[in-house]
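S.K.: If you scroll down you'll find the structure; I have some questions about it.
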Amino acid sequence: MNVFVVYVHPSDNSFTYLAKEEFIKGLTDAGHSVEVSDLYKMNFNEVFSESEYLREAFYDESADVPQDVLDEQAKINAADAIVFIYPVFWTEAPSKLVGWFQRVWTYGFAYGQNLKMKQLDKALFLVTMGGSLCDEVRKQQAEAMKTVMLGDRINCRAKEKQMIFFDEMTRGYGNDGHRAENQEKFLKQAYKIGLEF
């Protein structure tokens, strides 16, 4: 299977980075091919320009699509599955990923008539978060994030879709000992998810 990984974190000194590495190791050990867009290392421009806005607002397929967006769309159409790996920042994905969707999900590609985007076999979100899913408010936030990502942004663009949270990964706040235990557990899980993908 060809797997396109969209990775979004500003630092390699993070649990999210380690989870990405273990997941990809699992994929490669299972024989899958992997293409990665590391949005921070690519310096992907998440800002929706006026010309891009006008193209979308007026459903104007004749207007140009920027090359960096075309490149991401080509990676999608070369893949069988897409995987997003990122941390929760204030109950949202990092702004680079929000902007990636705004820019890459263009009219005529991801929505509208005569779509150029293929329907993928799978879409998976591996999401790291500081809070605990034992807390009711975090459960509600997780469900809201699923509604946005799985319900709106993926919708029927993939046959199967899933969001998995690695929670309680905050540093400090008396959590460091527990975090180390969670890190070991979650890294094994990330590898297994890749191996069984």
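The values are calculated or read from the model by the stated rules, or taken from the named source; none is laboratory data. Bear in mind that the values here come from a model prediction, so they are computed numbers and not experimental data. Because the Cβ atoms are built from the backbone with ideal geometry, glycine has one as well, and the counts that use them run over all protein chains shown. These area figures cover heavy atoms from the full protein model, side chains too; ligands, DNA and RNA do not enter into them. Shrake-Rupley method; radii C 1.70, N 1.55, O 1.52, S 1.80 Å.
S.K.: Suppose we filter the range 67-86 for residues that are in contact (Cβ under 8 Å) with a residue 60 or more places away in the chain and open to solvent by 10 Å² or more (accessible area, probe 1.4 Å); how many remain?
M.R.: The number of residues fulfilling the criteria is 3.
S.K.: Separate question: When residues of the range 144-180 are filtered for being in contact with a helix residue (DSSP H, G or I) (Cβ under 9 Å, 6 or more places away or on another chain), basic (Lys, Arg) and closer than 17 Å to PHE89 by Cβ, how many remain?
M.R.: Looking only at that region, the number is 2.
S.K.: Could you look through the range 112-166, keep only residues that are closer than 27 Å to LYS185 by Cβ and acidic (Asp, Glu), and pick out the one that is modelled with the lowest pLDDT?
M.R.: Across the range 112-166, the extreme among qualifying residues is ASP135.
S.K.: Tell me, please, whether a residue that is within 20 Å of ARG55 (Cα to Cα), open to solvent by less than 10 Å² (accessible area, probe 1.4 Å), touching a residue at least 40 places away in the same chain (Cβ under 8 Å) and of a type in the set (A, V, I, L, M, F, W, C) can be found in the range 110-127.
M.R.: Checked against the condition, which is being within 20 Å of ARG55 (Cα to Cα), open to solvent by less than 10 Å² (accessible area, probe 1.4 Å), touching a residue at least 40 places away in the same chain (Cβ under 8 Å) and of a type in the set (A, V, I, L, M, F, W, C), the range 110-127 yields at least one hit.
S.K.: On to the next question. Which ones in the range 13-27 are in contact (Cβ under 8 Å) with a residue 12 or more places away in the chain and either in a helix (DSSP H, G or I) or not hydroxyl-bearing (Ser, Thr, Tyr) (or both)?
M.R.: Scanning the range 13-27 gives PHE15, THR16, LEU18, ALA19, LYS20, GLU22, PHE23, ILE24, LYS25, GLY26, LEU27.
S.K.: From GLY151, GLY108, which residue is touching an Asp or Glu at 6+ places or on another chain (Cβ under 7 Å) and more than 17 Å from PRO87 (Cα to Cα)?
M.R.: Being touching an Asp or Glu at 6+ places or on another chain (Cβ under 7 Å) and more than 17 Å from PRO87 (Cα to Cα) holds for just one of GLY151, GLY108, which is GLY108.
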